[in-house]
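Notes follow the structure.
The values are calculated or read from the model by the stated rules, or taken from the named source; none is laboratory data. Values in this document were obtained by computation on a predicted structure and should not be read as measured data. Note that each Cβ is placed from the backbone with ideal geometry, even for glycine, and that neighbours are counted across all protein chains shown. Note: accessible area is taken over every heavy atom of the protein model, side chains too, but ligands, DNA and RNA are not part of it. Shrake-Rupley method; radii C 1.70, N 1.55, O 1.52, S 1.80 Å.
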Amino acid sequence: FARALGTNNLPDCSNMCHESSGCALTETIGTGTGSVSLEDVTRADLLLVIGQNPGTNHPRMLSALEQAKANGARVITVNPLPEAGMKRFRNPQRVSGVIGRGSELTDLFLQVRINGDLALFQAINRLILDEADRSPGGPASAGFIDSDFIEGETDGFEGLEAHLAELDWSDVDAATGLPREQIEEAARMIMNADSIIACWAMGLTQHRNSVATIREIVNCLMLGGHIGRPGAGVCPVRGHSNVQGDRTMGIHENPDPALLDALSSEFGFEPPREAGLDVVDAIRAMDRGQIGVFFAIGGNFVAAAPDTGLTERALGRTGLTVQVSTKLNRSHLVTGREALILPTLG
């Protein structure tokens, strides 16, 4: 419908959650999606759960973590919030989970300061490289550094080494708030693991330096060759029911040409080829008075966007706001010159 009108202006909620994951992963491993399956989680030797609250937001994942623990995996949890579900999981689908003590999931809890994750993983990577240099045969003989993978599948290793060599530990201390001993323990667990999966969610993605943070986590995995084999890889945990598959079926401001070709063939019209507006650019364009109609299918745009004042002002500068909604929310109070609320059933 939108493309038949001649526009790729399709901002959506995925711009507000894992956009930074998509950018960082595309830059590092060539695809914006995760590289593991749920089965891989149960086969991992070590799981890094970073900036994510599975007990609150992804409860299905807890049973996978419980299975991984039963298979001998260890778990490092990195989070400013000590979430109860990651301490001990009492599986309601088992009698032992209801009347027993449950499963202890986290082996090492790093209560990092908010947005201290980039400094933490730079420090871990520095410790890994330092330990490799101290190996009797040099880095190539260090079992926790996969020299063949680094040489054959990556580039930029020398740049990483040079950058981390200048790491200031006082900056790490200030950013993370963690004792050095805890960071060293995490590095040892990572160095001793045969297969590692890193999982993360909104606690990493919604920071100004989120892309750099996720790139650094991928660097950590690459040092040990923990990409592209069973029980190892990247796992950005996406959970919004209205995000799953939206890009696949075309809700994207910068669509793949193959999708547009298929639309043209199937429906007999030429869709627009130029990139449209994502959420941030849509707000800016509305604020400049360049957008006539804002049409929302679900969501709470004002509350979800990061700059509430700017978003409200921008919406007020449109000619028409239309909201298709299952219930009233704050965004209905902010309108263009005309406004429609179209109630619908879930």
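Some values worked out for this structure:
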read-out	value
Verdict on residue 19 being of a type in the set (D, E, K, R) and within 30 Å of residue 266 (Cα to Cα)	yes
Selection count where residues are open to solvent by 50 Å² or more (accessible area, probe 1.4 Å), β-branched (Val, Ile, Thr) and over 30 Å from residue 53 (Cβ atoms), scope region 240-296	1
Single match in 53, 8 (criterion: surrounded by fewer than 21 Cβ atoms within 10 Å (Cβ to Cβ), at pLDDT below 95 and among the polar types (S, T, N, Q))	53
Residue selected from region 11-27 under the condition open to solvent by less than 40 Å² (accessible area, probe 1.4 Å) and out of contact with any Gly (no Cβ under 9 Å at 6 or more places or on another chain), by the criterion farthest from residue 106 (Cα to Cα)	15
Residues of region 193-206 classified as open to solvent by 50 Å² or more (accessible area, probe 1.4 Å) and within 22 Å of the chain's Cα centre (by Cα), total	2
Lone unmet requirement of (1) touching a strand residue (DSSP E or B) at 6+ places or on another chain (Cβ under 8 Å); (2) closer than 26 Å to residue 113 by Cα; (3) of a type outside the set (Val, Ile, Thr); (4) in contact (Cβ under 8 Å) with a residue 60 or more places away in the chain for residue 216	(1)
Residue selected from region 297-324 under the condition of a type in the set (A, V, I, L, M) and touching a residue at least 40 places away in the same chain (Cβ under 8 Å), by the criterion least open to solvent (accessible area, probe 1.4 Å)	305
Top-ranked residue of region 318-334 - restricted to ones that are hydroxyl-bearing (Ser, Thr, Tyr) and in contact with a helix residue (DSSP H, G or I) (Cβ under 9 Å, 6 or more places away or on another chain), ranked as farthest from residue 346 (Cα to Cα)	318
Residue in region 312-328 that is out of contact with any strand residue (DSSP E or B) (no Cβ under 8 Å at 6 or more places or on another chain) and of a type in the set (S, T, N, Q) present	no
Matching residues, region 314-342, being among the polar types (S, T, N, Q) and farther than 20 Å from residue 284 by Cα	325, 326, 329
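Quick grid of which residues meet (1) under 21 Å from residue 232 (Cα atoms); (2) out of contact with any helix residue (DSSP H, G or I) (no Cβ under 6 Å at 6 or more places or on another chain):
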residue	(1), (2)
147	yes, no
152	yes, yes
159	no, yes
168	no, yes
171	no, yes
180	no, yes
187	yes, no
190	yes, yes
193	yes, yes
